[in-house]
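Derivation of every value follows stated rules applied to the coordinates shown; laboratory data play no part. Here the structure is a predicted model, which means the values were calculated and not measured. Counting neighbours? That spans all protein chains shown, and the Cβs are built from the backbone with ideal geometry, glycine included.
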Amino acid sequence: MTKAEQLRLVTFRSKFLEHAKRCGNISATCRYFGISRQKFHKWKRRFEAHGAAGLADQPRTPHSCPHATPKAVVSKVLYLRQNYHFGAGRIRDYLKRFHRIRIAASTVQQRVRRTAAAAAAAAGAADGSSSGCGGRQR
């Protein structure tokens, strides 16, 4: 959502809060603006708690992922892949035997692929060689 759209939403929400304050009738305000009373009270609570900033949309992404692979484990996986060229199964076995870390081979493979994809995207963006045709050069 662009900043202009976000500003338009905040303005709209502040207008129906002001209208309800002037009118004194929440049901009539909700009918006039075409919103439910539940939505009205949601935005009223946010406005009272956070002011005008509370009327903006909140991000839907979670703050954290409790079952994510720890960064220390990911760094060990990438180190073993880059320096010893181990595959997913061998990295899993190595971490289990020498570091007592239990991790699935599929998780190792996902981490290696994500890192490789991110590195390729960064390299393509850095030199401007991406043509937008599946990575082929013309």
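Can you name every one of the helices (runs of 4 or more DSSP H) wholly within segment 1-84 that holds 1 or more residues which are closer than 30 Å to Val112 by Cα? Steps first, please.
Working: elements: 3-23, 26-33, 37-50, 71-84.
In segment 1-84, 71-84 are the helices (runs of 4 or more DSSP H) which contain 1 or more residues that are closer than 30 Å to Val112 by Cα.
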Exercise for the section: Report, by residue number, each residue of segment 88-105 that is of a type outside the set (Val, Ile, Thr), surrounded by 10 or more Cβ atoms within 10 Å (Cβ to Cβ) and part of a helix (DSSP H, G or I). Expected result: Ala88, Gly89, Arg90, Arg92, Asp93, Tyr94, Leu95, Lys96, Ala105
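From the set of residues in segment 1-11 that are free of Cβ contacts under 8 Å to residues at least 12 places away in the same chain and surrounded by 11 or more Cβ atoms within 10 Å (Cβ to Cβ), which is farthest from Arg37 (Cα to Cα)? Reasoning before the result, please.
So the first thing to find is which residues in segment 1-11 are free of Cβ contacts under 8 Å to residues at least 12 places away in the same chain, and the list is 2-5, 7-8, 11.
With the extra rule that they be surrounded by 11 or more Cβ atoms within 10 Å (Cβ to Cβ), the set shrinks to 7-8, 11.
Working: Leu7: 22, Arg8: 20, Thr11: 18 Å.
Ranking the candidates gives Leu7 first.
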Problem - segment 28-87, subset free of Cβ contacts under 8 Å to residues at least 24 places away in the same chain and hydroxyl-bearing (Ser, Thr, Tyr), residue surrounded by the most Cβ atoms within 10 Å (Cβ to Cβ) - result: Thr29
